[in-house]
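In what follows, a structure is listed as structure tokens, so that the remarks can point back to it.
The values are calculated or read from the model by the stated rules, or taken from the named source; none is laboratory data. None of these values were measured; they are calculated from a predicted model. So basically every Cβ, Gly included, is an ideal-geometry build from the backbone, and we count neighbours across all protein chains shown. Quick note on the areas: whole protein, heavy atoms, side chains included, nothing else; ligands and nucleic acids left out. Shrake-Rupley method; radii C 1.70, N 1.55, O 1.52, S 1.80 Å.
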Amino acid sequence: MPESWHPSEQRIFRRAVGNPLLTADDWPYPVNAVFNPAAAHDGEQTILVCRVEDFEGHSHLSVARSEDGLSGWVIEPEPLIHPSHDHPAEAWGVEDPRVTRVEELGLWVIAYTAYGPTGPAVALATTTDFRTVERIGVVCPPEDKNAAVLPRRIDGHFVLFHRPRTVVGNHADIWMSRSADLVSWLAPEPVFRARAGMWDSTRIGMGPPPIETEHGWLVAYHGVRDTVAGQLYRVGLALLDLEDPRVVLRRSREWVLGPVAPYELQGDVPGVVFPCGWVHDPFTETLRLYYGGADTVIAMAETSLSDVFDLLEHCG
Ligand code: BMA
């Protein structure tokens, strides 16, 4: 199996030798799959908020911690967010978290998909310690998912990226909304769209919360393409304007990570790499992207900001 086979992949991401880093076998109780983790670093440890699917087919979110972000994971025996009767919008599970440190509030904000009979919706919760959460609740009604909050306000507003399913044209693109309080959100504004004829032609969705850099907000997103063998989920990069993130400064034409490793090609949903978290180490410039492989396991691929900017510099 080639480690990578595509020009952008060769230049950018290196898969961790220990992939997959976490599987269902690592869990302290029987589960079907662990995938699509949010990622955070609290100054001491890498914290993954993992989507864990049980044998009813419902997901909950559980925390795994590691000193080096690669090994020695300590997994909480109790879920951090579990569907409950008090939250009917989550009756079918909670999925695909993204975690943002919002310094102004002294909190981590978790954006996740609340899944229930009315469809997937965007929900928010906050935590200080990844041991308990305060639910804000559903903030974008169905059908909406793939949400991530920016770490700071822009023009007095928090910003949430999300993926509403638009009625006209049945598009599934990346939009953003603004809020003064994280609770009430203004009408969505378009950011960028699926590209006809390309690897991200069917649907796109925000990956981890964008990172603020001197060049703009760095975005990793997933792009989907329909094929006769099913859907392929790959990862692309973009840069958004720092003060007006509706403005796309750069966008990779090629994907930078796609399913080629066995743990990305075999599993419950073959052909999926789905990133929800990354950890940037400002001292080493290392950027670690944590992602789900084939909706079954958790893996990581590493790059550096300079490699990322070298690539984006050559993109329109
Ligand atoms: C998307 C989400 C993800 C999943 C992906 C591939 O719609 O539901 O959780 O990883 O499909 O199945």
| request: Could you grab me the full set of residues in the range 1-15 that are crowded, with 18+ Cβ neighbours inside 10 Å and either modelled with pLDDT under 95 or assigned to a loop (DSSP other than H, G, I, E, B) (or both)? | output: S4, S8, E9, I12, F13
| query | Could you list, in sequence order, the residues of the range 41-59 that are more than 16 Å from the ligand (Cβ to nearest atom) and over 19 Å from W108 (Cα atoms)? | reply | F55, E56
| said: Taking the criterion of being open to solvent by less than 30 Å² (accessible area, probe 1.4 Å), within 15 Å of the ligand (Cβ to nearest atom) and closer than 30 Å to P270 by Cβ, would at least one residue in the range 60-74 satisfy it? | reply: yes
| Long-range neighbours under 7 Å by Cβ, at least six apart or interchain, first residue within 18 Å of V99 (Cβ to Cβ) and open to solvent by 10 Å² or more (accessible area, probe 1.4 Å) within the range 142-155, second more than 16 Å from the ligand (Cβ to nearest atom) and in a strand (DSSP E or B) | P151/T100; P151/R101; P151/V102; P151/E212
| Got a number for residues in the range 15-67 being among the hydroxyl-bearing types (S, T, Y) and either more than 21 Å from Y233 (Cα to Cα) or touching a Cys at 6+ places or on another chain (Cβ under 6 Å) (or both)? | 4
| task | Give L160, L182 a once-over and let me know the one that is under 30 Å from I75 (Cα atoms) and buried (at least 20 other Cβ atoms within 10 Å of the Cβ). | result | L160
| query | Looking at the range 144-163, which of the residues that are among the charged types (D, E, K, R) and part of a strand (DSSP E or B) is farthest from the ligand (Cβ to nearest atom)? | reply | D144
| query | From the list V279, V297, V273, which residue is over 18 Å from G223 (Cβ atoms), in contact with a helix residue (DSSP H, G or I) (Cβ under 6 Å, 6 or more places away or on another chain) and not aromatic (F, W, Y)? | reply | V297
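Condition check ((1) at pLDDT 95 or above; (2) open to solvent by less than 10 Å² (accessible area, probe 1.4 Å); (3) farther than 21 Å from D307 by Cβ) across all residues:
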position: D200; (1), (2), (3): yes, yes, no
position: G207; (1), (2), (3): yes, yes, no
position: Q231; (1), (2), (3): yes, no, yes
position: R234; (1), (2), (3): yes, no, no
position: A238; (1), (2), (3): yes, yes, no
position: P245; (1), (2), (3): yes, yes, yes
position: R250; (1), (2), (3): yes, no, no
| task | Given the conditions (1) more than 16 Å from the ligand (Cβ to nearest atom); (2) surrounded by 17 or more Cβ atoms within 10 Å (Cβ to Cβ); (3) part of a strand (DSSP E or B), report the number of the one that E212 does not fulfil. | result | (2)
| message | Restricting to the range 218-269, name every residue that is within 16 Å of the ligand (Cβ to nearest atom), within 18 Å of the chain's Cα centre (by Cα) and part of a loop (DSSP other than H, G, I, E, B). | response | W255, G258, P259, V269
| task | Please list, ordered by first then second residue, the pairs with beta carbon atoms under 6 Å, 6 or more apart or interchain, first in the range 34-63 and touching a residue at least 12 places away in the same chain (Cβ under 8 Å), second β-branched (V, I, T) and surrounded by fewer than 21 Cβ atoms within 10 Å (Cβ to Cβ). | result | A39/V279; H41/V279; T46/V279; V52/V31; D54/V31
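If only one of V247, V260, V228, V235 is farther than 17 Å from A172 by Cβ, in contact (Cβ under 8 Å) with a residue 40 or more places away in the chain and β-branched (V, I, T), which one is it?
Working: V247 fails: in contact (Cβ under 8 Å) with a residue 40 or more places away in the chain; V228 fails: in contact (Cβ under 8 Å) with a residue 40 or more places away in the chain; V235 fails: farther than 17 Å from A172 by Cβ.
V260 is the lone residue from the list that is farther than 17 Å from A172 by Cβ, in contact (Cβ under 8 Å) with a residue 40 or more places away in the chain and β-branched (V, I, T).
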